[in-house]
Amino acid sequence: MIEIITAEPMHRAGWERLWRQNIISFGAPDMTDDVIDALWHRILDPDHAMQAWLAVDPIGEKDGPLVVGLAHIIVHPHTFSLRNVAYLEDFWVSADQRGLGIGGQMMAALQTQAHQQDWARLYWLTAGDNHHAQRLYDRLTDRVDAVLYKIDTV
């Protein structure tokens, strides 16, 4: 039985294994260990806007729960409401666990969290060619017609 929970210090190894899969898949395999460490500390800091939600199999492995999915969200104010909104920045399910409903279970847990925390919205972007993820997202909600612009400053 998969559980969706917030990240705790004991999940570091499992989270990092999935995070490294994610960054390789999305073209950032050279992310340094100090950046990964800082990200983990942000996630664990209750005063930081970033949160990590994990899909774990509590029976998992001999040394603890097996982390099979991750979601990083950033909770922030919104200009059109006094309620916060949450941006789903990263969403990843281990390749060997896909097709088992874990992504849908994670999204349902995030929606529950949004209701409990009174967020006005949970929103995210996905690549235009990420058709596998889009099948899940299209079952959850309607697409928004928008165009993304960005200026890299590095």
How many residues does the range 1-20 hold that are in contact with a helix residue (DSSP H, G or I) (Cβ under 7 Å, 6 or more places away or on another chain) and of a type in the set (S, T, N, Q)?
0
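If you take the residues in the range 106-131 that are polar (S, T, N, Q) and either part of a helix (DSSP H, G or I) or in contact with a helix residue (DSSP H, G or I) (Cβ under 6 Å, 6 or more places away or on another chain) (or both), which one is surrounded by the fewest Cβ atoms within 10 Å (Cβ to Cβ)? Before the answer, list the steps.
Going residue by residue through the range 106-131, those that are polar (S, T, N, Q) are 111-113, 116-117, 126, 130.
This time we only want the ones that are either part of a helix (DSSP H, G or I) or in contact with a helix residue (DSSP H, G or I) (Cβ under 6 Å, 6 or more places away or on another chain) (or both), so: 111-113, 116-117, 126.
On the way: Gln111: 14, Thr112: 11, Gln113: 19, Gln116: 8, Gln117: 11, Thr126: 15.
Looking at residues that are polar (S, T, N, Q) and either part of a helix (DSSP H, G or I) or in contact with a helix residue (DSSP H, G or I) (Cβ under 6 Å, 6 or more places away or on another chain) (or both), I get Gln116.
Look through Leu39, Leu66 and report the one residue that is modelled with pLDDT under 95 and either surrounded by 14 or more Cβ atoms within 10 Å (Cβ to Cβ) or not in a strand (DSSP E or B) (or both). Even if it seems obvious, please write down each step before you answer.
Details: Leu39 fails: modelled with pLDDT under 95.
Unique residue meeting the criteria: Leu66.
State yes or no: is Asp57 within 21 Å of Ala13 (Cβ to Cβ), of a type in the set (D, E, K, R) and outside any strand (DSSP E or B)?
So Asp57 does not fit the description; no.
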Residue under question is Ile74, and the condition is that it be part of a strand (DSSP E or B), modelled with pLDDT under 95 and of a type in the set (A, V, I, L, M, F, W, C); does it hold?
no
Enumerate the pairs (first residue in the range 10-32 and part of a helix (DSSP H, G or I) and among the β-branched types (Val, Ile, Thr); second residue anywhere and modelled with pLDDT under 95 and exposed (fewer than 12 other Cβ atoms within 10 Å of the Cβ)) with beta-carbon separation below 8 Å, excluding pairs fewer than 6 apart on the same chain, so at least 6 apart or on different chains.
Ile23/Pro29
Report every pair of residues separated by at least 6 positions or lying on different chains whose Cβ atoms are under 7 Å apart, first residue within the range 113-142 and under 18 Å from Ile73 (Cα atoms), second surrounded by fewer than 10 Cβ atoms within 10 Å (Cβ to Cβ) and modelled with pLDDT under 95.
Leu125/Leu148
Residue check, Arg121 within 16 Å of the chain's Cα centre (by Cα), charged (D, E, K, R) and within 27 Å of Arg42 (Cα to Cα)
yes
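Tally time: how many residues in the range 8-21 are within 20 Å of Gly104 (Cβ to Cβ) and buried (at least 17 other Cβ atoms within 10 Å of the Cβ)? Don't jump to the end; show me each part of the working.
Filtering the range 8-21 for residues within 20 Å of Gly104 (Cβ to Cβ) gives 18, 21.
With the extra rule that they be buried (at least 17 other Cβ atoms within 10 Å of the Cβ), the set shrinks to 18.
Within the range 8-21, residues that are within 20 Å of Gly104 (Cβ to Cβ) and buried (at least 17 other Cβ atoms within 10 Å of the Cβ) number 1.
The values are calculated or read from the model by the stated rules, or taken from the named source; none is laboratory data. Computed from a predicted model, the values in this text were never measured in an experiment. Every residue, glycine as well, gets a Cβ built from its backbone with ideal geometry; the counts of neighbours run over all protein chains shown.
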